[in-house]
1. Does Arg40 qualify as being basic (Lys, Arg), closer than 21 Å to Val17 by Cα and not in a loop (DSSP other than H, G, I, E, B)?
2. Hey, Met12 hits all of (1) in contact with a helix residue (DSSP H, G or I) (Cβ under 6 Å, 6 or more places away or on another chain); (2) part of a helix (DSSP H, G or I); (3) buried (at least 18 other Cβ atoms within 10 Å of the Cβ) but one; which does it fall short on?
3. Looking for whichever is at pLDDT below 95, part of a helix (DSSP H, G or I) and not hydrophobic (A, V, I, L, M, F, W, C) here; the options are Pro7, Pro52. Which one fits?
4. What are the residues in the range 55-92 that are of a type in the set (D, E, K, R) and either in contact with an Asp or Glu (Cβ under 6 Å, 6 or more places away or on another chain) or at pLDDT 95 or above (or both), if any?
5. Looking at the range 58-85, I want the residues that are closer than 14 Å to Ile20 by Cα and have a partner that is assigned to a helix (DSSP H, G or I) and modelled with pLDDT under 95 with Cβ atoms under 7 Å, at least 6 apart or on another chain. Which pairs are those?
6. Given the condition modelled with pLDDT of 95 or more, buried (at least 18 other Cβ atoms within 10 Å of the Cβ) and out of contact with any strand residue (DSSP E or B) (no Cβ under 6 Å at 6 or more places or on another chain), answer yes or no: does some residue in the range 28-38 qualify?
7. I'm checking my understanding of the structure. Among residues of the range 58-75 that are loosely packed, with under 11 Cβ neighbours inside 10 Å and of a type in the set (A, V, I, L, M, F, W, C), which one is nearest to the chain's Cα centre (by Cα)?
8. Looking only at the range 55-86, which residues are among the hydroxyl-bearing types (Ser, Thr, Tyr) and part of a helix (DSSP H, G or I)?
Amino acid sequence: MERYLTPFMVYMAAVSVGSIIVTVLDKAAAKRHAWRVPERTLLILAALGGAPAMLVTMLIIRHKTRHLKFMLGLPLIILLQAVAAVLILRNL
């Protein structure tokens, strides 16, 4: 199992940092009334593993906190990913 842990941690760190950057850039674009990151892109990043970092970032910078799609959707994604991780780790 240890041989999978390091690549997984690198992947999660990269997706988390990417999610934070994209969320902050979208917030900055919203303030400038500029081109925005599509919500679909944000949700795909969340589904790829960036949901925890994205949720915390959104709460800190107060971005999309009124959108149920994100305030309920991100915790749901996190929950589903946690369940999947437990099931996968049980079988290793």
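The values are calculated or read from the model by the stated rules, or taken from the named source; none is laboratory data. Keep in mind it's a predicted model, so treat the numbers as computed, not measured. Ideal geometry is used to build each Cβ from the backbone, glycine not excepted, and the neighbour counts take in all protein chains shown.
1. Numbers: basic (Lys, Arg): yes; closer than 21 Å to Val17 by Cα: yes; not in a loop (DSSP other than H, G, I, E, B): yes.
The answer is yes for Arg40.
2. Met12 satisfies every listed condition except (3).
3. Values: Pro52 fails: at pLDDT below 95.
Result: Pro7 is the single residue among Pro7, Pro52 that is at pLDDT below 95, part of a helix (DSSP H, G or I) and not hydrophobic (A, V, I, L, M, F, W, C).
4. Filtering the range 55-92 for residues of a type in the set (D, E, K, R) gives 62, 64, 66, 69, 90.
Arg62, Lys64, Arg66, Lys69 - these are the residues of the range 55-92 that are of a type in the set (D, E, K, R) and either in contact with an Asp or Glu (Cβ under 6 Å, 6 or more places away or on another chain) or at pLDDT 95 or above (or both).
5. Short answer, once both residue conditions are applied: none.
6. To start, the set of residues in the range 28-38 that are modelled with pLDDT of 95 or more comprises 28-38.
Of the ones still in play, those that are also buried (at least 18 other Cβ atoms within 10 Å of the Cβ) are none.
The answer is no; no qualifying residue exists.
7. If we take residues in the range 58-75 being loosely packed, with under 11 Cβ neighbours inside 10 Å and of a type in the set (A, V, I, L, M, F, W, C), then Leu72 is nearest to the chain's Cα centre (by Cα).
8. First, the residues of the range 55-86 that are among the hydroxyl-bearing types (Ser, Thr, Tyr): 57, 65.
If the condition is that a residue be among the hydroxyl-bearing types (Ser, Thr, Tyr) and part of a helix (DSSP H, G or I), then Thr57 is the only one that fits.
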